[in-house]
């Protein structure tokens, strides 16, 4: 108890010091004589036994003491007139105590200094004395302070954190290892997801982004991105919008005069204007439009019946589709203009040939003459009357053998041109000498393919063939030459040796009739053009090397590039094929240029030029560059169309040949003129 | 003055006529106003009327007008605009006599195409013909001598000695397609009644193909020839006759039947050969003792040193060339024409450029011959396959005159006596256009 008293003293001191309200002279006479807890029972005793503990451990000490009365939370007026105030835990009535009188209360108050702390508990019908601590708390709360003195609501702020001289703001501990190790769990999760994506369990179809706003006044139908599934939607064409003239009260200039209206009657029904503007006083007076129903019906018919298709149109500049060709200026020189005409023949000039130095040309014509012309002046130097249609002519390419091979009627004629120095002339005379007593092996019952016979009249040699000869070509060394007999047997292509006066037919049967044959310009190769194919033979091994398929209807002429790897053939349907024999057996390029038969194609010996002549009286000149680099395809550029020859009997230009050294082209025409085109 | 008068005045140009002609043709030097749209003819009329006023017996004649060394070929106003000359100041018009042939002489008929002509002798004309004969025409009218011997067409002929130093005999060289050159000597005292036939006294052999062109050096001792065998050979006119004789004897023995009736003939061989061209040498010119120019179908013009027989300069022009002549100022310009209708003039003294300084392109076909006037620096003629001979002045791009007397290709042309143009062509005629006054 002594301990308690000491505490109470302390409290009273505190109260008197703190509280002026409670320290009026009546209540403040402190008498520490005794505590009047006798009548308050055990409960209050117990309550007051450990006040400090209760204050420390819990906010309300009442919760721990079960109330004596068990009536619950009912208004106490119900028990006002009763004897009891309620029931205890075992159901017995708790009797009301007798209220002490006012005098009694006053006396006790005056006796007991602690009476002021006694409070009447109506619920339990008892008087409770509150402890000093409780009174203190109440008085603090009444003042608006915190109930407990130890709680300081506004403590001074102590900044425990030290900002200075620390490398790490919070902790200088090293980063733990797990922050650098990939998470195992995450990895597992990712693997799972990846597998799900791979197997297609997870599908990414992004939700379409709906535009937040839409074009309120726009026409839905003509938006470009209005694409529907299936058939493409084509919006219906819009009817024309009404204009000013359709107003009920249009301006005066829209209204036709009476004459104009009358003149409409003279027009055709469909030319007449559909609507004649009129003026009305007001919109009210406008009559019903009598064609409204009809036009609506027509419009519906249009929409229903008129097929609407979407036309795909690509805007491409047509120039950009053209292949890029070098400019003609860069490809000069090439023949352009005719400056010289060689006139003298009286019938179509069938063939011509240029001497290897380019000083003379020879021409053969249907009038039965072979003429030698001087290139420089166009003068005819020599005329041989061979008395037959000269169909082909070829000048020996060896400069020391001025010998002409000409096909006259059916046979081949070798002529000495008699140009050049005396020695050259002697030599060629020697070459053209032939022993009449040439032994002919008659053992063979077959007619020999060729007989070499001296031609007395023209001082030359005639090679009598078993059939008509169509083509002759010289080997570049000038000793061998070939003739082509368009027949189906093995004797169609013949090789002749001038120095030995010997002929033989080395080739087996050809696939079709041969048209022309040509020697390779530098190697021991030989080209035979049949109607559809070009056969390339190796002369040394006497075997077929290549077979070029032209795809043309009928080949008419062939020319070999001076390099030997490229061949051009002209056909009777006006097409020209360029073969690159290294590239393919199919044509590298097919040029459809002429409208009629190509009569001759030819390469230039020095310049990258080639030309084709045709029955349509035109000659095409092309640039045909062959590169030594095998990876680069030949470049073909059309350069010039040479016209000037006139047609005769439906025939045009019959032959064309380049000058061997200059970029000039000779053309032989059916109009019996030879023209020289110069650069 | 009304408005019309003002506009009239604006279309007038004040000119002063000056000339270097002798006094009877000298107009008063006062400046006069002439209409601006006058052309050469109108200006010529004014000058003639001015001269007539000064001298009553003046014969009217055409004049040509020069402004700053350029011939007036357009109406005056257009000319001034084209040249950017102000019409404000007084224009000095220098007038010269118009250069044009006044007269066509009777053409001299030949048996075949006339392929070569030489007019360097004032009293004789030398022509070469496709029948292998060269002819000498006295005063351009009568054929007095026929030089025979060639078996092929003659391509080039030249008088070796000049007219003043003939000393009674004409010295002639001819080149032919039979690969030889022949030298002839014939007298100047001629009988006009019949044609004397003259044989060659010397044959120069060595070319392996047609001889295309001959030129004589200024000292008249050497000649050079260009040929189809793409060489140029130099020959001595005189000298080394012993050597030539032996060759000729040997030859004669070999084919005695052909040379039997002929008189003793000398044969000569080339002293040196100029190699370099790759195609036929169509023209050679020897304007100075040191230098030879040659033109070829390989599109090049080359300059050779005659002494060292080396090529000293060359130029590629892009066209096959047929003719070449040196002349002009200090005879240093080269005129050449070829396988296109353009006559080009180069100045080899200009370093670094191969562009022609003049191009005359009024012809319509190949140019076969071009010749500078022997004394004038400005005038040259050209002949072409289009049948025309054109007269050119360097001071204008238009031809001064065009001679149309040929009916076929013109193969050769030359000046004669300084005032005539002679030309031969494929119509087998030698045409002479005379009366060209070049001062």
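The values are calculated or read from the model by the stated rules, or taken from the named source; none is laboratory data. Here the structure is a predicted model, which means the values were calculated and not measured. Note that we place each Cβ from the backbone using ideal geometry, even for glycine, and neighbour counts take in every protein chain shown.
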query: Is it true that some residue in the range A:320-334 is surrounded by 18 or more Cβ atoms within 10 Å (Cβ to Cβ) and not in a loop (DSSP other than H, G, I, E, B)?
result: yes
query: When residue B:99 is evaluated against the numbered criteria (1) out of contact with any helix residue (DSSP H, G or I) (no Cβ under 6 Å at 6 or more places or on another chain); (2) under 30 Å from residue B:175 (Cβ atoms); (3) in contact (Cβ under 8 Å) with a residue 24 or more places away in the chain, which criterion, by number, is the only one it fails?
result: (2)
- request: Within the range A:274-303, track down each residue that is farther than 18 Å from residue A:251 by Cα and either touching a helix residue (DSSP H, G or I) at 6+ places or on another chain (Cβ under 9 Å) or in a loop (DSSP other than H, G, I, E, B) (or both).
  value: A:274, A:287, A:288, A:289, A:290, A:291
- request: Can you tell me which residue within the range B:419-439, out of those that are part of a loop (DSSP other than H, G, I, E, B) and more than 14 Å from chain A (Cβ to nearest Cβ), is farthest from residue B:358 (Cα to Cα)?
  value: B:435
- prompt: Of all residues in the range B:73-82, how many are touching a strand residue (DSSP E or B) at 6+ places or on another chain (Cβ under 8 Å) and touching a residue at least 60 places away in the same chain (Cβ under 8 Å)?
  reply: 3
- request: Filter the range A:367-381 for residues that are more than 14 Å from every other protein chain (Cβ to nearest Cβ) and either in contact with a strand residue (DSSP E or B) (Cβ under 8 Å, 6 or more places away or on another chain) or under 17 Å from residue A:414 (Cβ atoms) (or both) and give the result.
  value: A:368, A:369, A:370, A:371
- request: Determine whether residue B:116 is surrounded by 15 or more Cβ atoms within 10 Å (Cβ to Cβ), within 15 Å of residue B:430 (Cβ to Cβ) and either within 14 Å of another protein chain (Cβ to nearest Cβ) or within 18 Å of the chain's Cα centre (by Cα) (or both).
  value: yes
message: Criterion first (over 22 Å from residue A:517 (Cα atoms), at pLDDT 90 or above and away from chain B (no Cβ under 11 Å)) does residue A:326 satisfy it?
response: no
- request: Working carefully through the options B:205, B:197, find the one that is within 14 Å of chain A (Cβ to nearest Cβ) and on the phi < 0 side of the Ramachandran plot.
  value: B:205
message: For the range A:629-660, which positions are surrounded by fewer than 21 Cβ atoms within 10 Å (Cβ to Cβ) and within 14 Å of chain B (Cβ to nearest Cβ)?
response: A:644, A:660
- prompt: Of A:103, A:94, which residue is exposed (fewer than 10 other Cβ atoms within 10 Å of the Cβ), under 28 Å from residue A:115 (Cα atoms) and at pLDDT 80 or above?
  reply: A:103
statement: Checked the range A:335-344 for anything within 12 Å of another protein chain (Cβ to nearest Cβ) and in a loop (DSSP other than H, G, I, E, B); matches are A:335, A:336
statement: The residue that is nearest to the other protein chains (Cβ to nearest Cβ), considering only those in the range A:420-434 that are under 21 Å from residue A:354 (Cα atoms) and assigned to a loop (DSSP other than H, G, I, E, B), is A:421
message: Need the failing condition index for residue B:377 against (1) touching a residue at least 40 places away in the same chain (Cβ under 8 Å); (2) part of a loop (DSSP other than H, G, I, E, B); (3) within 13 Å of chain A (Cβ to nearest Cβ), just the number.
response: (3)
- request: Scan B:338, B:387 and give me the residue that is touching a strand residue (DSSP E or B) at 6+ places or on another chain (Cβ under 9 Å) and closer than 23 Å to residue B:214 by Cα.
  value: B:338
message: Can you find a residue that is at pLDDT 85 or above, assigned to a loop (DSSP other than H, G, I, E, B), loosely packed, with under 15 Cβ neighbours inside 10 Å and in contact with a strand residue (DSSP E or B) (Cβ under 9 Å, 6 or more places away or on another chain) anywhere in the range B:9-26?
response: yes
message: Out of the strands (runs of 3 or more DSSP E) lying entirely within the range B:252-298, which hold 1 or more residues that are more than 14 Å from every other protein chain (Cβ to nearest Cβ) and either modelled with pLDDT of 95 or more or under 26 Å from the mean Cα position of the chain (by Cα) (or both)?
response: B:272-275, B:281-285, B:291-296
statement: When restricted to A:69, A:150, the only residue surrounded by 16 or more Cβ atoms within 10 Å (Cβ to Cβ) and assigned to a loop (DSSP other than H, G, I, E, B) is A:69
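Conditions (1) within 14 Å of chain B (Cβ to nearest Cβ); (2) out of contact with any helix residue (DSSP H, G or I) (no Cβ under 8 Å at 6 or more places or on another chain); (3) at pLDDT 90 or above, marked per residue:
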site: A:362; (1), (2), (3): no, yes, yes
site: A:365; (1), (2), (3): no, yes, yes
site: A:383; (1), (2), (3): no, yes, yes
site: A:389; (1), (2), (3): no, yes, yes
site: A:393; (1), (2), (3): no, yes, yes
site: A:396; (1), (2), (3): no, yes, yes
site: A:402; (1), (2), (3): yes, no, no
site: A:410; (1), (2), (3): no, yes, no
site: A:418; (1), (2), (3): yes, no, no
message: Exactly one condition in (1) surrounded by fewer than 21 Cβ atoms within 10 Å (Cβ to Cβ); (2) free of Cβ contacts under 8 Å to residues at least 40 places away in the same chain; (3) at negative phi is false for residue B:360; which is it?
response: (1)
- prompt: Among the numbered criteria (1) more than 45 Å from the chain's Cα centre (by Cα); (2) within 14 Å of another protein chain (Cβ to nearest Cβ), which single criterion is violated by residue A:668?
  reply: (2)
statement: Scanning the range B:301-318 for residues that are within 13 Å of residue B:346 (Cβ to Cβ) and over 20 Å from the mean Cα position of the chain (by Cα), the one nearest to the other protein chains (Cβ to nearest Cβ) turns out to be B:318
- prompt: Of the residues that sit in the range B:395-418 and are outside any strand (DSSP E or B) and touching a strand residue (DSSP E or B) at 6+ places or on another chain (Cβ under 6 Å), which one is nearest to residue B:116 (Cα to Cα)?
  reply: B:409
- request: Quickly run through the range B:332-345 and pick out the residues that are more than 14 Å from every other protein chain (Cβ to nearest Cβ) and either surrounded by 21 or more Cβ atoms within 10 Å (Cβ to Cβ) or closer than 22 Å to residue B:423 by Cβ (or both).
  value: B:333, B:334, B:335, B:336, B:343, B:344, B:345
field: Which numbered condition residue B:139 fails, given (1) at pLDDT 90 or above; (2) surrounded by fewer than 21 Cβ atoms within 10 Å (Cβ to Cβ)
entry: (1)
message: Being surrounded by 22 or more Cβ atoms within 10 Å (Cβ to Cβ) and either within 30 Å of residue B:218 (Cα to Cα) or out of contact with any helix residue (DSSP H, G or I) (no Cβ under 6 Å at 6 or more places or on another chain) (or both) is true for just one of B:63, B:79, B:124. Which residue is that?
response: B:124
